[in-house]
Structure formats: structure tokens, C-alpha cells
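Each value in this text was obtained by applying a stated rule to the coordinates, not by laboratory testing. These numbers come from a predicted model, not from an experiment. All Cβ positions, even for glycine, are placed from backbone atoms using ideal geometry, and neighbour counts span all protein chains on display.
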Amino acid sequence: MKWDRILAYGLVVCGIAYASFSAINYYQKLNVVKEVESIPKSSGKTVINGQNGDPWVIFSGEERPIKGEHFADLVIPRLKAQIPIIEGTDEDELAQGVGHYAGSVLPGEPDNAVLSGHRDTIFRKIGQLQKDDELHVKTNRGTFIYVINKTWITDEEDRTVIVPRDEPILTLTTCYPFYYIGPAPQRYIIQATLKERIS
């Protein structure tokens with residue numbers, strides 16, 4: 001009976017801690033939204049700084065790309081490559097370039113922007129990228145410079161790759177192994193954090 005009580009108390013404490021973390025995260029994002037809403041709509045786009053001075057950019061709904069639109073370019077200096085970023089991740093979009101997962105934010109926004117590409121075409125050499133390499137996303141709102149901080153291999157069903165984040169993150173995903181006949185069973189992930197924005 002004693003252990004049951006200890007376990008129950010432990011679960012309650014864990015629940016309270018999780019709820020507190022979620023509340024803090026919610027209010028932090030709410031403050032960002034309030035700051036954005038305080039700026040006149042006539043300004044078109046809004047540029048604000050995050051909690052640590054990160055160059056966050058918030059776009060209005062009408063500025064968001066439509067499915068199939070080429071709205072940006074991914075520049076990979078180490079590979080000397082420039083790839084069009086297309087809104088959407090269906091085969092039609094991936095055949096044109098790197099696809100932007102529509103359920104994620106746009107590059108530069110304070111969250112997780114997710115891009116996907118085929119391992120046997122545009123992301124054929126992505127495994128050559130290393131920690132601290134830069135990834136540039138060129139848009140008509142400026143160029144966003146990201147720095148790679150992590151790479152890993154995961155299961156194809158791992159949905160944690162696209163979860164929201166508390167800071168501007170760029171996530172690249174592709175199938176793995178790179179040289180594999182048939183549907184690859186894993187995913188290769190590159191995560192980069194926003195370093196700066198160039199007008």
C-alpha cells in the first residue's frame with residue numbers, strides 16, 4: 001500500500017510539472033503574438049526579436065505560400081547547391097525541389113520549419129554536411145542563415161521530427177540509407193538553428 005501511495009504522489013508531481021511547462025510555453029508564445037499584434041497592419045510584414053534576441057519573423061496569413069508555389073530557395077554552401085523550396089510535400093512538389101511541410105512554420109518564424117527532399121535527387125549528397133555548416137534560405141523577405149547543430153537517423157514513423165519548438169529551427173528530412181533499392185526504412189535528419197537574418 002505504501003508503494004502505491006508513493007507512485008500516486010510521483011504521478012501527480014509529474015503531471016503538475018508537465019502542466020507548468022506547457023503553461024510557460026503557451027504564455028511565452030502568447031507574448032510574441034501580442035507583440036506582433038501591436039504593430040500596425042499597414043507595415044505588411046513584421047520583424048521582431050525573440051527572447052534571446054533571435055531574428056524571428058512573423059508573416060501575415062495572406063503572405064503564406066499556396067500549395068505548389070516556389071516561394072524560396074535553399075542554398076547549401078558546402079555542397080555549392082541552390083534548390084527551389086516548394087510549398088507542399090506531395091510527389092508533384094518534391095519533383096520540383098525541396099518540399100516545405102505545410103503543417104510547419106515558414107523559415108524565420110519562431111518554431112520548426114520542416115523541409116523534405118528525395119535522397120536520390122536533390123538531397124543525394126546531404127550526408128556530407130557537418131555540424132556548424134550553414135544553410136541559407138533565400139526569400140523575398142530576406143535571407144535566413146541557419147547553422148547545423150545536429151544530425152541523426154530515425155525510424156520512418158518518428159513524428160517527433162516535426163513537433164513545434166520554442167525557437168526558430170530548420171529541419172531537413174530525407175529517406176535513409178541514401179543508397180537503397182526500394183522504399184527506405186529510415187529517415188536522415190538535419191537540424192539547424194537560426195543565426196541571423198540578412199535583408
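What the table below lists for this structure:
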item: Simple Cβ-charge dipole of the range 62-198, Lys/Arg +1 and Asp/Glu -1, about Cα centre, in debye nearest 20; result: 560
item: Potential extension, Lys80-Asp120 segment - 0.36 nm per residue separation minus Cα distance; result: 12.7 nm
item: Sorted by Cβ neighbour density within 10 Å, fewest at the top, the residues Leu194, Leu94; result: Leu94, Leu194
item: For the range 90-196, convex hull volume per residue from C-alpha positions, Å³; result: 102
